[in-house]
Amino acid sequence: MTTNDSNSIRVLIADDDEQILQAYRMAFCDNDATDLIETLGSLEAELFESHADGDDAPRFDVVACSQGCDAVSLVARAAREGRPFDVVILDVRMPPGIDGVEAGSQIRRLDPGVEIVFVTGFSDIPIHELALRVPPPVKLHYFNKPLSFMQLAESVAGMVRAG
Amino acid sequence: MPGRFASLSLQQKVSVTLLAVMAAMVLLSYIVLNTTVAPAFDNLELAAAEKNIVRAKRAIQNDMENLAAIVGDWAPWDDAYAYALGKNPGFEKSNLDIPTMTNLDLDLLLVYDAQGKLLWSYLPYNGETADPDSLEVFDSTHPKFERLVYHTDVTDHTDGLLLTGLGPMLMSSRPIIRSAKEGPIVGTMIMGQFLDSEKRTTLRERTEVSLTWHLLGGALPVDASLRNEIVAAGAGSFVYAATDSNIQAFGLLADLFGEPLMILQADTPRQISALGGSTVNGALMFLSAAGIVVAIVTWLLLRRIIVLPLERLANHITGIRESGDLSLRLNEERADEIGALAGQFDRMTLEVHDARRQLLDQSFKAGKADTAAEVLHNIRNAMTPLINGIDRLSKNFRFAGGLHIQQATEELADPACHPDRRGKLLQYIGSAFGHIQKTSEDAVNDLQVATRQAKQVEAILSDQERFANVAPIIESLELHSIIEEASLVIPNKDKPGIRLDMRPELKGFVIQAHRVGLVQVLGNLILNGYESIQRSQADSGSIDVSASLDEIDGQSVVRVTVRDSGCGFGEELKHKIFQRGFSSKQGHLSGLGLHWCANALAGMGGRVSAESAGPDCGAAFHVLLPGGIDGTRTVEKPSLSGRSTPAVERSGNAAIADFGEVAGGL
């Protein structure tokens with residue numbers, strides 16, 4: 001699934017659980033809700049001089065896949081097309097293919113500037129080992145499930161703005 | 001054969017080998033004795049036989065020399081000289097009388113003059129005086145007559161054996177000359193002695209040799225080939241023939257003309273070879289007896305020093321293999337190689353025992369870690385959509401709660417509301433209701449997701465129940481080692497103030513339990529006691545771990561008691577301490593909890609109870625496990641959880657809690 005917008009944040013999400021991917025989509029690319037909230041926000045500001053939440057909500061161009069090797073291919077293709085991803089969100093365990101750490105390592109070689117976020121329910125790989133395999137540490141992020149993807153989306157937007 | 005030998009036991013191999021070595025030794029001794037010792041005796045016997053026949057020959061030679069000496073004394077004598085010339089007729093009467101002849105042991109005396117005329121003869125034979133012609137050699141026509149009767153030189157002489165018509169004789173002939181050994185030769189004097197049976201007896205007595213002689217022309221005691229062999233060997237050699245009882249040595253005797261005359265036989269009894277044979281047999285018997293004794297002693301020593309210890313080692317190994325009990329020790333108190341082997345095997349089994357225990361620990365922990373990781377991963381994944389749905393619902397409802405719908409509605413109801421604002425208010429209300437409707441639709445969707453994810457969590461947990469139903473590995477355990485391992489949970493165990501007493505009698509007990517689980521249970525009880533003492537604000541305290549043998553429903557059980565001097569508990573807590581989540585640690589949970597301990601012990605077929613005389617009076621936890629004293633290692637696993645009577649007796653006013661009463665469902 002791809003949502004295209006020239007001003008949006010390009011995000012690649014890889015997770016082998018379709019339910020998780022659906023939750024990502026709901027959090028990152030519910031543009032109808034965002035449009036509605038923006039409309040309500042502007043009317044409220046005009047009619048009641050109040051400031052509603054979601055006025056400056058970020059928009060995301062999300063690409064989702066379920067395997068690490070697919071994520072690597074998508075990053076490579078995006079780089080070739082001149083539309084690199086801003087952020088890549090990877091699950092650590094994605095059987096039966098390569099795991100998220102290996103995928104992150106390959107992605108880092110393809111795109112040294114991309115922000116890589118690991119989100120996992122459990123990982124037996126220590127963070128310092130992750131930092132060694134997917135450098136640099138400043139562009140490496142780690143979150144444990146369960147977490148709020150809306151908060152994650154805000155964090156991703158913060159990463160892109162800071163980067 | 002090698003395969004059959006390989007299939008024998010070590011003891012049989014040793015026996016067979018010793019028998020083979022002993023038989024080989026006896027056979028080798030037999031060969032050596034019969035090829036070296038026995039022939040040496042035979043050679044000695046042959047040497048003795050040769051010596052005998054040499055002695056016999058020498059005796060005959062001596063007689064010959066004596067006879068020659070007598071003739072040599074009588075022939076060169078002036079009286080005999082004159083007699084031969086016919087000038088001393090009294091010579092016969094004064095010298096040639098019979099007593100003189102008898103004293104000289106002569107059988108023959110002949111005196112010839114220079115012309116060969118017989119002057120005097122003396123030839124007694126069978127008690128009568130025989131005619132010299134009967135000797136058949138003193139006939140002038142006899143080819144040997146001249147050699148005997150005529151001498152050309154004063155030193156000339158003829159000595160030797162001669163076969164006469166009356167038998168073989170020793171005969172010596174000398175020319176008759178002056179006493180000054182000067183000629184001319186005036187005659188010949190001949191003396192002789194018969195080699196008859198009397199002579200043979202005399203020679204036998206002198207030489208102590210069984211001596212006989214046989215004329216070549218007469219009947220011989222030997223066959224023709226041996227006769228020819230003796231004759232071919234000549235007078236200087238000997239020929240031997242052996243019978244079972246004698247060594248017969250044969251020598252050839254030639255006459256005074258060098259012609260073969262008779263065979264001399266000396267019989268030597270085979271005493272030496274008989275002695276040699278008995279010596280060899282005796283030696284063989286001795287060696288055989290010595291071999292048997294050495295074999296028996298060696299067998300006994302090998303059996304005692306090697307075979308039996310190896311059998312014990314083999315039985316020990318078999319026992320370990322059959323029982324699987326790696327705690328068994330051989331404890332062979334020996335300083336030799338087998339002792340070292342046994343010691344090495346004990347150390348190896350100890351290391352294997354430790355390694356197996358560590359492997360079990362690791363497997364147990366790794367299994368738990370894998371299970372925990374799997375469950376964590378799956379539940380977190382399942383929880384993620386649920387949490388995000390709730391999060392979105394919360395955000396949407398929070399946004400909806402902040403909408404100004406009521407205010408917009410009131411403004412619309414006001415007729416003074418400007419039409420432009422009215423239009424925007426209507427647009428706002430429409431958008432707000434649109435948002436509420438979408439929020440409602442999302443809520444339905446999110447609740448469906450939440451329901452599905454909750455079911456997924458339930459499915460994940462249900463899947464774990466299959467592990468909960470796996471029985472723990474029950475093994476024979478030495479109680480004291482479990483207590484020592486469990487006591488490691490106490491931080492700063494050597495710190496003064498809190499003393500841990502592990503009673504010596506703990507070493508006598510063996511229990512049937514799941515090792516890792518029991519270590520965790522007892523470690524938890526000890527740690528509870530430690531923390532209870534710390535909470536009691538006392539300056540010092542003690543944790544006492546003891547054990548005793550008990551019997552429940554006819555089953556032998558071991559009661560392990562962990563008694564501390566800590567805060568204890570009152571009547572109000574006795575029904576709570578084994579409940580899930582209970583902690584007396586004032587706001588924080590640590591350790592595995594008594595509820596878990598009770599469950600773990602129930603899984604091992606044991607149970608736990610607790611008692612306390614009240615707050616600040618300390619507490620005691622009793623763990624009952626199947627087992628017994630060392631040496632009675634019970635292998636069956638009696639379950640204690642099914643008994644209906646309380647496991648711990650109630651005494652005084654002590655508050656006693658039995659997990660069977662309070663934990664429920666165990």
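The values are calculated or read from the model by the stated rules, or taken from the named source; none is laboratory data. Only a predicted model underlies this, so the values are computations on that prediction, with no experimental measurement involved. Neighbour counts run over all protein chains shown; Cβ positions are idealised from the backbone, glycine included.
The table that follows gives values for the structure above.
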quantity	calculated
So A:ARG77, is it away from chain B (no Cβ under 14 Å), of a type in the set (Lys, Arg) and out of contact with any Gly (no Cβ under 7 Å at 6 or more places or on another chain)	yes
Test result for B:ALA24, loosely packed, with under 12 Cβ neighbours inside 10 Å, at pLDDT 85 or above and either farther than 30 Å from B:ARG204 by Cβ or within 60 Å of the chain's Cα centre (by Cα) (or both)	yes
Residue in the range B:43-51 that is over 21 Å from B:ALA274 (Cβ atoms), surrounded by 17 or more Cβ atoms within 10 Å (Cβ to Cβ) and in contact (Cβ under 8 Å) with a residue 40 or more places away in the chain present	no
Hits in the range A:24-44 (condition: in contact with a Leu (Cβ under 9 Å, 6 or more places away or on another chain), facing chain B (nearest Cβ under 9 Å) and either surrounded by fewer than 17 Cβ atoms within 10 Å (Cβ to Cβ) or in contact (Cβ under 8 Å) with a residue 12 or more places away in the chain (or both))	A:TYR24, A:ALA27, A:LEU40
Any pair with Cβ under 6 angstrom, 6 or more apart, that starts in the range A:70-98 at a residue that is under 19 Å from A:ARG59 (Cα atoms) and ends at one that is surrounded by 15 or more Cβ atoms within 10 Å (Cβ to Cβ) and of a type in the set (Phe, Trp, Tyr)	A:ALA78/A:PHE85
Candidates B:ASN388, B:ASN378 - the one that is within 8 Å of chain A (Cβ to nearest Cβ) and modelled with pLDDT of 85 or more	B:ASN388
Hits in the range B:520-542 - residues which are closer than 18 Å to B:SER481 by Cβ and buried (at least 23 other Cβ atoms within 10 Å of the Cβ)	B:VAL521, B:LEU522, B:LEU525, B:ILE526
Residues of the range B:394-424 satisfying the condition of being assigned to a helix (DSSP H, G or I), within 11 Å of another protein chain (Cβ to nearest Cβ), touching a residue at least 12 places away in the same chain (Cβ under 8 Å) and within 30 Å of A:LEU152 (Cα to Cα)	B:ASN396, B:PHE399, B:ALA400
Strands (runs of 3 or more DSSP E) contained entirely in the range B:83-186, each with at least 2 residues that are within 26 Å of B:GLU259 (Cα to Cα), modelled with pLDDT of 90 or more and not hydroxyl-bearing (Ser, Thr, Tyr)	B:108-113, B:158-164, B:167-176
Unmet requirement for B:ALA372, which otherwise passes all of (1) within 11 Å of another protein chain (Cβ to nearest Cβ); (2) part of a helix (DSSP H, G or I); (3) under 30 Å from A:ASP32 (Cα atoms)	(3)
Residue match in the range B:87-100 (condition: closer than 23 Å to B:THR164 by Cα, of a type in the set (Val, Ile, Thr) and exposed (fewer than 14 other Cβ atoms within 10 Å of the Cβ))	yes
Residue selected from the range B:246-283 under the condition exposed (fewer than 15 other Cβ atoms within 10 Å of the Cβ), of a type in the set (Gly, Ala, Ser) and farther than 23 Å from B:SER173 by Cβ, by the criterion modelled with the lowest pLDDT	B:ALA274
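Here's the yes/no breakdown for (1) away from chain B (no Cβ under 14 Å); (2) acidic (Asp, Glu); (3) more than 14 Å from A:ASP15 (Cα to Cα); (4) under 17 Å from the mean Cα position of the chain (by Cα):
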| residue | (1), (2), (3), (4) |
| --- | --- |
| A:PRO135 | yes, no, yes, no |
| A:LYS139 | yes, no, yes, yes |
| A:PHE143 | no, no, no, yes |
| A:LEU152 | no, no, yes, yes |
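Quick grid of which residues meet (1) of a type outside the set (Val, Ile, Thr); (2) under 20 Å from B:LEU275 (Cα atoms):
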{"site": "B:GLN11", "(1), (2)": "yes, no"}
{"site": "B:VAL14", "(1), (2)": "no, no"}
{"site": "B:LEU19", "(1), (2)": "yes, no"}
{"site": "B:MET25", "(1), (2)": "yes, no"}
{"site": "B:THR35", "(1), (2)": "no, yes"}
{"site": "B:PRO39", "(1), (2)": "yes, yes"}
{"site": "B:ASN62", "(1), (2)": "yes, no"}
{"site": "B:VAL71", "(1), (2)": "no, no"}
{"site": "B:ASP78", "(1), (2)": "yes, no"}
